[in-house]
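Structure first, then comments.
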Amino acid sequence: MTSKNAEGPDTPTSEGEAVPGLVPAPRGLTWGPPGQESFRLGEATVISAAPGTEGVARRLRATVGAATGLPLAEATEAAETADGTAGPRVELSLDAALAPEAYRLAVDAGAVRITGGSAAGLFWGTQTFRQLLGPDAFRRAPLAPGRTWDVPAVVVEDEPRFGWRGMLLDVCRHFLPKDDVLRYLDLLAAHKLNVFHFHLNDDQGWRIEIKRHPRLTETGAWRSRSKYGHRASELWDETPHGGYYTQDDIREIVAYAAERHIRVVPEIDIPGHAQAAIAAYPELGNTDVVDTAALTVWDSWGVSPNVLAPTENTLRFYEGVLEEVLELFPAETSPFVHIGGDECPKDQWKQSPLAQARIAELGLKDEDELQSWFIRHFDTWLAERGRRLIGWDEILEGGLAEGAAVSSWRGYAGGIAAAEAGHDVVMCPEQQVYLDHRQDGGPDEPMPIGYVRTLEDVYRFEPVPPGLSEEAARHILGTQANVWTEVMQNRSRVDYQVFPRLAAFAEVAWSSLPAPADRDFAGFDARMTDHYARLDALGVDYRPPGGPLPWQRRPGILGRPIEGAPPVV
């Protein structure tokens, strides 16, 4: 038998036919011996689902069944052939000896056998099976009824490098309807990503219904206009913008994610990025230094100076918010709750007699410790309810709450400090995996923002910083790509910024790759030829390798280029 490592599964079979390049690359792949027949998916193919695999079987019928037009019926004794042997089948089973997200996929002429360490591992195995069927397996209906669907004889043994493989989607700067969110969950699942960080409130909008505080969505979900381009741009989109998810929408999103073995991490930003909430409930702001009753939902980008007042009323208000959030995001699918904690200007607290009195009352040293007091309060509050707090790396300022995890976004430094101090870390440095940053330095890039980070740059990202102690490295939970939508007005613009770079990120998060300088980007790029066809089938408006198409360009709109800026560590 011939074997091919995870860096290059796009090789000819023994019969000389090219096999679709797998993305992300599996840990191990072995082709069948020369002359071994492929498996043919057809009308007679059944799914044999062992106990505990029924949900995965249902998803397989909903996706592959829809794309092929085949019934993929449940296996019964009637599925046996005339000589009493089992007919063509897809066998789904669990094996506790495998790691929970690991799987084994074995294909011969008679069967496709997919075994997972858990239902999640099994589900990832079905994603590989889907890729082996070819790009048309990602469509919603068959292109040509009666066509043949062949899967080459192969054995894939695979498991992820990291347990946290995520993407943040900001729906505050520009709202995405519920169906677009569900679509992104499907796209994450197709790339074996298992965490959806749902950024639900910010200065520019509040996006989740809170029944005890209805003005959060009645007022806070809407703004009169939006800055067009970077905040320094002189252009405005005068169209009112907004929207929010009802509590039933949220329940649907969480259930949809769980069926795809994706955990949802809700983010409720505290104590900064709060202008939309303050516009709805002015008493939440620093009323002794600002006329908060005159505030509206912010229509520009950047960091608003309007932050929460450090009062008992504010704490009770957000406890009420989080009580409803916890009910909507159950602990079994959302063990972490993100409370932001980033970009909280301290100017209003410095000017506020009330805030200064609070610092004195609590025996705090300064405003940084006041922010830490906010974070510690909700860390304790969440822990008492069986949840874990995670926040941006600013929560390190003034002392990190015990038990809190850190999203390291301002480079590696915050994550290194947190991990060395024994805190769990998700690595998501802006300089490497902020997908709102432009993909090329050319003038045709729409609304160019931030660092140039190409597909190859993302492919060479390394989530574990060099030099970490062995103990600290164990605190790296995984990695996450972040998608901030200031310059993404709709789904098509989000697609353009996210893809194809999310495919490279998914391989970094899943596969056991060598050191960045030694990675085979040429091999990955070759496999992307097949993957672009999958993205086409999924209807993704990705950035083509040759640059933006005419309708993807936004010429003459001011961005924020950072030419030659050194990376932040």
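The values are calculated or read from the model by the stated rules, or taken from the named source; none is laboratory data. Predicted model, so just to flag it, every value in this text is computed and none were measured. FYI the Cβ positions are ideal-geometry reconstructions off the backbone, even for glycines, and counts take in every protein chain you see.
How many residues does segment 358-400 contain that are outside any helix (DSSP H, G or I) and in contact (Cβ under 8 Å) with a residue 40 or more places away in the chain? Please lay out each step first, then the result.
Here is the first cut: in segment 358-400, the ones outside any helix (DSSP H, G or I) are 363-366, 384-392, 397-400.
Filter once more, keeping what is in contact (Cβ under 8 Å) with a residue 40 or more places away in the chain: 385-392.
Total satisfying the criteria: 8.
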Keeping to segment 201-232, report how many residues are touching a Pro at 6+ places or on another chain (Cβ under 9 Å) and either aromatic (Phe, Trp, Tyr) or without any contact (Cβ under 8 Å) to a residue 40 or more places away in the chain (or both).
-> 1
With respect to LEU70, is the statement that it is of a type in the set (A, V, I, L, M, F, W, C), assigned to a loop (DSSP other than H, G, I, E, B), touching a helix residue (DSSP H, G or I) at 6+ places or on another chain (Cβ under 6 Å) and modelled with pLDDT of 95 or more true?
-> no
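Residues are listed down the side, and each one gets a yes or a no for (1) surrounded by fewer than 22 Cβ atoms within 10 Å (Cβ to Cβ); (2) in contact (Cβ under 8 Å) with a residue 12 or more places away in the chain; (3) within 32 Å of the chain's Cα centre (by Cα); (4) not assigned by TED's automatic domain parsing to the domain that holds ARG207:
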{"residue": "TYR256", "(1), (2), (3), (4)": "yes, yes, yes, no"}
{"residue": "GLU259", "(1), (2), (3), (4)": "yes, yes, yes, no"}
{"residue": "ASP269", "(1), (2), (3), (4)": "no, yes, yes, no"}
{"residue": "HIS273", "(1), (2), (3), (4)": "no, yes, yes, no"}
{"residue": "TYR281", "(1), (2), (3), (4)": "yes, yes, yes, no"}
{"residue": "VAL289", "(1), (2), (3), (4)": "yes, yes, no, no"}
{"residue": "GLU319", "(1), (2), (3), (4)": "yes, yes, yes, no"}
{"residue": "GLY340", "(1), (2), (3), (4)": "no, yes, yes, no"}
{"residue": "GLN351", "(1), (2), (3), (4)": "yes, yes, no, no"}
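So in segment 487-523, with the set limited to residues that are of a type in the set (D, E, K, R) and touching an Asp or Glu at 6+ places or on another chain (Cβ under 7 Å), which one is surrounded by the most Cβ atoms within 10 Å (Cβ to Cβ)?
Just the residues of segment 487-523 that are of a type in the set (D, E, K, R), to begin with: 491, 493, 495, 501, 507, 518-520.
Then drop every residue that is not touching an Asp or Glu at 6+ places or on another chain (Cβ under 7 Å), which leaves 491, 495, 520.
On the way: ARG491: 19, ASP495: 23, ASP520: 17.
Here the answer is ASP495.
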Residue hits (segment 79-101; in a loop (DSSP other than H, G, I, E, B), in contact with a Lys or Arg (Cβ under 8 Å, 6 or more places away or on another chain) and either of a type outside the set (A, V, I, L, M, F, W, C) or modelled with pLDDT under 95 (or both)) are PRO88, ASP95
Taking segment 102-158 as the search range and keeping residues that are part of a loop (DSSP other than H, G, I, E, B) and polar (S, T, N, Q), which one is surrounded by the fewest Cβ atoms within 10 Å (Cβ to Cβ)?
-> THR148
For segment 286-305, indicate whether the set of residues that are in contact with a strand residue (DSSP E or B) (Cβ under 7 Å, 6 or more places away or on another chain) and within 30 Å of VAL56 (Cβ to Cβ) is non-empty.
-> no
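Mind telling me which of the residues LEU176, LEU182, LEU168 ends up being surrounded by fewer than 22 Cβ atoms within 10 Å (Cβ to Cβ), of a type outside the set (D, E, K, R), outside the structural domain of ALA66 (by TED's automatic domain parsing) and not in a loop (DSSP other than H, G, I, E, B)? I'd like the intermediate steps shown before the answer.
On the way: LEU176 fails: not in a loop (DSSP other than H, G, I, E, B); LEU168 fails: surrounded by fewer than 22 Cβ atoms within 10 Å (Cβ to Cβ).
The unique qualifying residue is LEU182.
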Segment 302-337, residues that are closer than 20 Å to GLY166 by Cα and touching a Phe, Trp or Tyr at 6+ places or on another chain (Cβ under 8 Å) | VAL337
Give the residue, chosen from GLY415, GLY442, GLY411, that is under 27 Å from LEU235 (Cβ atoms) and small (Gly, Ala, Ser).
-> GLY442
